[in-house]
Amino acid sequence: MKRIRRSDPRETLVTRRATATLEVETPGAGFTELTGTIADFLKEIGAGDGEVTLFCRHTSASLIIQENADPDVRTDLLTALDHVAPEDFGWVHDVEGPDDMPAHVRTMFTGVSLAIPVIAGRLALGTWQGIYLIEHRARPHSRQMVVAFTGNGG
């Protein structure tokens, strides 16, 4: 029989909301880690307990929480996404190039927003988790994300 443990609930008043826009220059297809940038934002605003949300303002790039220890995981994830939505699938939409429609499909599978609990000013991520922007297009792009903290001060 499995046993489930939970900590005592912590109730806090939501007394603040802070937002910022992140501009990320991607080198082309691949992962850009945002974990440190988000942690710095929380420190800068004096976050306590609450939640941080991230929203990617694009339809051909996405956000994920994924393994941050072994870069081979990210390589394999890109390979998997290439198999799910290959460029040579025969897409009808190709006005912006052969990598555009596959990028939209990959974004549909991975998503454009994240919500992460913040406890005592720190991201409540697991030991091996990191926050990443995935660029699904082949060439470099400038990507915008909105980051917002809702909670109390530290």
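Around Val112, what is the net charge, scoring Lys/Arg as +1 and Asp/Glu as -1 over all other residues with Cβ under 12 Å from its Cβ? Overall, the nearby charge balance is +3.
If we count other beta carbons within 10 Å of each Cβ, what is the order of Arg143, Arg5, Arg10, fewest first? Fewest to most other Cβ atoms nearby, the residues stand as Arg5, Arg10, Arg143. Multiplying the residue separation of Phe109 and Thr21 by 0.36 nm and removing their Cα-Cα distance gives an extension gain of 29.3 nm. Considering helices alone, the calculated mean residue ellipticity of the chain at 222 nm is -7500 deg cm²/dmol, with DSSP H runs of length four and up weighted by -39500 (n - 2.57) and normalised per residue. Rounded to the nearest Hz, the phi-derived 3J(HN,Hα) couplings of region 80-89 under the Karplus curve 6.51 cos²θ - 1.76 cosθ + 1.60 (θ = phi - 60°) are 4, 5, 4, 6, 5, 9, x, 5, 8, 6, where x marks glycine and proline.
Couplings 3J(HN,Hα) of region 135-147, computed from phi: 8, 9, 8, 6, 8, x, 9, 9, 10, 10, 10, 9, 10 Hz, in residue order, whole Hz [Karplus 6.51 cos²θ - 1.76 cosθ + 1.60, θ = phi - 60°; x for Gly and Pro].
Stretching the chain fully between Asp8 and Asp70 yields a gain of 19.0 nm (0.36 nm per residue, less the alpha carbon separation). Applied to region 43-56, the Karplus parametrisation 6.51 cos²θ - 1.76 cosθ + 1.60 on θ = phi - 60° returns per-residue 3J(HN,Hα) values of 5, 4, 8, x, 5, x, 9, x, 8, 10, 10, 10, 9, 8 Hz, with x for Gly and Pro. Loop-located chymotrypsin sites (Phe, Trp or Tyr not before Pro) in region 66-154 (DSSP state not H, G, I, E or B) with no more than 16 neighbouring Cβ atoms inside 10 Å: Trp91, Trp128.
Taking the Cβ of Ala61 as the center, what net charge do the other residues with Cβ under 10 Å away carry, scoring Lys and Arg +1 and Asp and Glu -1? Taking every other residue near Ala61 into account, the sum is +3. Roughly speaking, what is the centre-to-centre gap between region 104-154 and region 23-46 when only Cα atoms are used, to the nearest Å? Taking the Cα centre of each part, region 104-154 and region 23-46 sit 8 Å apart. Given that just one value was derived from the coordinates, which of (i) 127; (ii) 151; (iii) 142 is volume of the Cα convex hull per residue in Å³? Given (i) 127; (ii) 151; (iii) 142, the structure-derived one carries the label (iii). For Asp40 and Ala120, a Förster radius of 22 Å and the Cβ-Cβ distance give a FRET efficiency of 0.85, rounded to the nearest 0.05.
No lab work stands behind these numbers, since they all come straight from the coordinates. These numbers were taken from a predicted model, which means no experiment stands behind them. With ideal geometry, Cβ positions are generated from the backbone for all residues, glycine too; neighbour counts draw on all protein chains shown.
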